[in-house]
1. Can you run down the residue pairs with Cβ atoms below 7 Å, 6 or more apart or on separate chains, where the first is in the range 71-84 and within 12 Å of residue 51 (Cβ to Cβ) and surrounded by fewer than 24 Cβ atoms within 10 Å (Cβ to Cβ) and the partner is at pLDDT 95 or above and of a type in the set (Phe, Trp, Tyr)?
2. So, residue 131, is that one buried (at least 24 other Cβ atoms within 10 Å of the Cβ) and within 27 Å of residue 247 (Cβ to Cβ) or not?
3. What pairs come out if I take residues in the range 25-45 that are within 14 Å of residue 100 (Cβ to Cβ) and pair them with residues that are assigned to a helix (DSSP H, G or I) and acidic (Asp, Glu) whose C-beta lies under 8 Å away, six or more apart or interchain?
4. Here are some residues: 61, 71, 11. Which one is more than 26 Å from residue 207 (Cβ to Cβ), of a type outside the set (S, T, N, Q) and at pLDDT below 95?
5. Which number in (1) part of a helix (DSSP H, G or I); (2) more than 17 Å from the chain's Cα centre (by Cα) marks the one condition that residue 89 misses?
6. Please specify each residue of the range 23-47 satisfying the condition of being under 15 Å from the mean Cα position of the chain (by Cα), assigned to a helix (DSSP H, G or I) and under 19 Å from residue 85 (Cα atoms).
7. Can you list the helices (runs of 4 or more DSSP H) lying wholly within the range 173-288 that have 3 or more residues being at pLDDT below 95, over 18 Å from residue 137 (Cα atoms) and among the basic types (Lys, Arg)?
Amino acid sequence: MLSDILLPDVVLKRCGYYYESILPSNSDALTANAIYFGNEAWAREYLAFCHRDEFFRSRWVAAGGDWTDKVVIDLGCGPGNVFATLGGKPRLLVGVDVAAGSLELASRLGYTAVLADAAHTPFRSGVADIVAINASLHHCDDMDAVLREGARLVKSDGLLITDHDPQLTAWDYKGLAKWMWDARLWVYRATRRGFHKTGSQQSWGLRTEVHHQPGDGVTPDFFRRTLEPLGFEVRVYPHNHQVGAQAFQGEVGPAQWKYRMGNRLSGRDPAAPASALSLMCVARRAAR
């Protein structure tokens with residue numbers, strides 16, 4: 001039960017389909033995430049089309065195995081994409097997000113939904129077999145703080161798994177590539193492509209992408225310097241999105257032509273691990 005993992009003296013407010021924790025502060029990023037991922041239509045679109053393919057599932061099964069009978073905390077769970085793709089029967093599946101609309105969808109999938117800041121959760125330390133942080137770090141003001149909070153929640157010999165955050169070295173576009181990156185917004189809006197069908201949707205979506213900008217993103221060193229001092233063995237796997245468990249054998253996988261062009265125009269080898277779009281971090285806390 002949720003009460004079994006709460007910090008002492010914490011009482012969560014029940015708000016229909018989710019529990020609400022006190023947000024210690026607010027920011028432009030928290031507001032943007034609450035509005036964008038809280039929009040029911042946009043959240044449904046995100047649930048249907050993002051992180052739902054077999055490549056994603058293959059990587060996550062290789063990283064953490066079946067979630068059945070485990071305590072899992074999904075930080076930045078959104079509408080529940082990870083569990084919707086992986087399935088299983090966790091003993092307790094907790095989803096944390098600031099977007100009430102997404103939490104409603106996640107609760108219907110089986111999450112115990114908690115509205116809270118991922119950097120300040122109401123849970124005791126060392127309660128989770130697996131902490132999942134998928135495509136969430138780059139939406140947060142302080143990526144270090146969220147990663148450390150996730151680490152705090154992991155049991156001895158448990159796992160912290162992150163994925164789908166932009167790799168700094170791959171997205172650091174230069175010159176013409178940077179111009180094309182900026183121009184894409186007008187093209188997407190004109191063609192009503194993907195998640196940019198309206199100006200409002202595009203505007204709020206971009207406001208959530210705090211660390212998904214040229215010159216920003218995650219690095220292998222970021223994961224190691226943050227997690228190794230906390231007692232984790234850290235492994236980082238660069239990958240493009242069209243590769244599954246083969247990423248664990250060092251395969252980067254293919255990238256779409258636009259990303260290959262962006263890296264080439266920026267003076268980088270598009271096939272190099274440093275040009276892979278995302279990093280997957282699998283960190284295991286040392287057994288005590």
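The values are calculated or read from the model by the stated rules, or taken from the named source; none is laboratory data. For clarity, every value in this text was computed on a predicted model and none was experimentally measured. Glycine also receives a Cβ, built like all others from the backbone with ideal geometry; neighbour counts cover every protein chain displayed.
1. Partner pairs satisfying both residue conditions: 83/111.
2. For residue 131, the condition - buried (at least 24 other Cβ atoms within 10 Å of the Cβ) and within 27 Å of residue 247 (Cβ to Cβ) - is met.
3. 40/104
4. Numbers: 61 fails: at pLDDT below 95; 71 fails: at pLDDT below 95.
Exactly one residue qualifies, and that residue is 11.
5. (1)
6. Selection gives 43, 46, 47.
7. Numbers: elements: 175-191, 199-208, 220-227, 257-265.
The qualifying helices (runs of 4 or more DSSP H) are 175-191, 257-265.
Yes or no, residue by residue, for (1) in contact with a Phe, Trp or Tyr (Cβ under 6 Å, 6 or more places away or on another chain); (2) over 30 Å from residue 156 (Cβ atoms); (3) of a type in the set (D, E, K, R); (4) surrounded by 16 or more Cβ atoms within 10 Å (Cβ to Cβ):
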{"residue": "224", "(1), (2), (3), (4)": "no, no, yes, yes"}
{"residue": "250", "(1), (2), (3), (4)": "no, no, no, no"}
{"residue": "255", "(1), (2), (3), (4)": "no, yes, no, yes"}
{"residue": "259", "(1), (2), (3), (4)": "no, yes, no, yes"}
{"residue": "262", "(1), (2), (3), (4)": "yes, yes, no, yes"}
{"residue": "274", "(1), (2), (3), (4)": "no, yes, no, yes"}
{"residue": "281", "(1), (2), (3), (4)": "yes, no, no, yes"}
{"residue": "285", "(1), (2), (3), (4)": "yes, no, yes, yes"}
